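Shown next, in structure tokens, is the structure this report addresses.
The values are calculated or read from the model by the stated rules, or taken from the named source; none is laboratory data. Every value quoted in this text rests on a predicted model; they were computed, and no experiment measured them. In this analysis, Cβ positions are derived from the backbone assuming ideal geometry, glycine residues included, and neighbour counts consider all displayed protein chains.
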Amino acid sequence: METGFFFRINKHLDFNFQTYINYIRDNIVQNANNKYVNESLPTRISGNELEFKYRYKSSRAYINGFNYHVFGNYSFSKTQIAVDSIARMSDVFNNNQWTDTTSRYPTHYLNFGGDVSFKKSVLNKTRDQYSLTLDYDTKFRILLGLNGQLITQSHRYSAYDITNKGLPEVIASGKEWIEIPKLFLLNVNINAYFDKYKLGINVYNLLNKEGFITASDNNLGLQRQEGRMFYLSLGYVF
């Protein structure tokens with residue numbers, strides 16, 4: 001079950017809100033022996049999400065001048081296991097049927113950022129000599145962007161211990177609640193457009209933080225965050 005509200009506050013600002021709750025029986029998971037099995041107890045996944053977007057142009061047609069936009073997104077999600085196997089779909093709103101401890105990762109997630117660009121255009125008199133509509137060519141455009149992601153401290157019911165900075169270790173006693181540390185990622189980029197050329201520089205994980213991000217292709221469900229990386233790009237439009 002999911003519901004949402006989407007609002008256009010004005011020509012610059014959008015605001016969205018969504019909430020959901022899911023009931024899952026026979027959820028397929030991997031056990032400690034790397035075999036796919038059905039989870040013996042039903043699962044309830046619930047959460048909500050808030051988002052806003054703000055945009056601004058210094059001129060209506062944005063021929064010359066500044067243009068910028070900012071955004072923010074916050075999400076909360078949790079997974080709860082049923083107290084016993086007889087929990088039915090009709091019990092999805094009955095809190096007494098579900099454990100209190102959250103197991104979904106990340107529980108709290110904040111994603112925010114924005115960009116600012118400056119554009120300079122020139123009038124193409126040759127193209128416009130027989131037209132009443134002004135026609136402009138972009139002389140250059142420079143775009144600077146920033147993005148931050150904050151994953152708060154979470155807990156996960158797992159068969160693997162991640163306290164060792166090397167490879168995850170199997171917990172001999174079986175699944176336990178493990179603590180996943182918080183993680184803050186900061187990414188920046190700058191792109192320049194000149195005539196038909198484009199030059200870009202992107203820096204991922206600028207602060208070189210260590211931590212975990214989600215992964216769906218392994219039984220841990222997590223993978224280590226990669227360190228600082230630089231990307232250079234060069235493009236040409238024919």
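Are any residues in segment 63-93 in contact (Cβ under 8 Å) with a residue 40 or more places away in the chain, of a type in the set (Ser, Thr, Tyr) and surrounded by 14 or more Cβ atoms within 10 Å (Cβ to Cβ), and if so, which ones? Tyr68, the sole residue that qualifies. Residues in segment 204-221 that are in a loop (DSSP other than H, G, I, E, B) and either more than 25 Å from Tyr157 (Cβ to Cβ) or at pLDDT 75 or above (or both): Asn205, Leu206, Leu207, Asn208, Lys209, Glu210, Gly211. Of everything in segment 67-116 that is more than 19 Å from Ser40 (Cα to Cα) and of a type in the set (A, V, I, L, M), the residue that is nearest to the chain's Cα centre (by Cα) is Leu110.
Could you list, in sequence order, the residues of segment 1-17 that are out of contact with any Leu (no Cβ under 8 Å at 6 or more places or on another chain), closer than 28 Å to Asp91 by Cα and part of a strand (DSSP E or B)? Of everything in segment 1-17, those that are out of contact with any Leu (no Cβ under 8 Å at 6 or more places or on another chain), closer than 28 Å to Asp91 by Cα and part of a strand (DSSP E or B) turn out to be Glu2, Thr3, Gly4, Phe5. Val70 falls short on exactly one of the conditions (1) β-branched (Val, Ile, Thr); (2) at pLDDT 85 or above; (3) within 29 Å of Ile178 (Cβ to Cβ), and that condition is (3).
For segment 31-47, the condition holds for no residue, the condition being that it is in contact (Cβ under 8 Å) with a residue 60 or more places away in the chain and surrounded by 14 or more Cβ atoms within 10 Å (Cβ to Cβ).
Restricting segment 1-24 to residues that are within 12 Å of Gln80 (Cα to Cα) and not polar (S, T, N, Q) leaves a set whose member that is surrounded by the most Cβ atoms within 10 Å (Cβ to Cβ) is Tyr23.
Matching residues to (1) modelled with pLDDT of 90 or more; (2) hydroxyl-bearing (Ser, Thr, Tyr):
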site	(1), (2)
Arg55	no, no
Ser77	no, yes
Asp100	no, no
Leu144	yes, no
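Residues that are of a type in the set (Gly, Ala, Ser) and closer than 24 Å to Tyr157 by Cβ are absent from segment 65-72.
Of the residues making up segment 181-203, those that are under 18 Å from the mean Cα position of the chain (by Cα) and either assigned to a loop (DSSP other than H, G, I, E, B) or under 28 Å from Asp161 (Cβ atoms) (or both) are Pro181, Lys182, Leu183, Phe184, Leu185.
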